[in-house]
Amino acid sequence: MEFPLQIFYDGSCMVCSAEMAKYREYDHEGKLIFINIKAVDFCAEDYGKTQADFMARLHVRDAAGIFYTGVDAFMAIWQAYPDCSVYRLLSAAVGFPGINLLSRGAYSLFARYRHLLPKANDDCRDGSCDLRH
């Protein structure tokens, strides 16, 4: 994996935005670039994906152009932090088979139903962020 990482997140999701704010706060080395996929000027096709792809799960792209999604995206983000950090420990822990399986299941449930969570603003009032397809 090559840094910096581009993190594609749903800025209208309060949980997602709060998580990205934490990552921003602790990214002292500038290894993370945050891209709000709900921004007016965001174009999914510029990255070879559809808006639905990005809305379905968290995406991270490294400097070599390799995409990581879901739990793998989180693990990639956590690798941006120093070895002794909580995030690096999380990355190692999620790498264990049983924990990895549980993490993937939990993330799949979150990703599938996050559209039910409160929104950060009214961007979704018109149904443009509806994930139920």
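Can you tell which of Asp46, Asp62, Asp27 shows the greatest fluctuation in a Gaussian network model of the chain with Cα springs below 10 Å?
Per the Cα network of the chain with a 10 Å cutoff, Asp46 tops the list.
Taking the Cβ-Cβ separation of Thr50 and Met14 as r and a Förster radius of 25 Å, what is the calculated FRET efficiency to the nearest 0.05?
0.60
In the chain, what % of DSSP beta bridges are antiparallel (nearest 5)?
Looking only at bridges with both residues in the chain, the antiparallel portion is about 60 percent.
Suppose each label sits 7 Å from its Cα in the direction of the beta carbon; what would the Ile99-Lys22 distance come out to in nanometres?
1.5 nm
Mind pulling the angle between the C-alpha long axis of helix 14-26 and the longest principal axis of the chain? Nearest 10 degrees, somewhere in 0 to 90.
40 degrees
Once the dipole of the chain is set up with Lys and Arg at +1 and Asp and Glu at -1 on Cβ about the Cα centre, which of Leu117, His28, Gln79 lies farthest towards its positive end?
After comparing all options, I get Leu117.
No lab work stands behind these numbers, since they all come straight from the coordinates. Keep in mind it's a predicted model, so treat the numbers as computed, not measured. Glycine also receives a Cβ, built like all others from the backbone with ideal geometry; neighbour counts cover every protein chain displayed.
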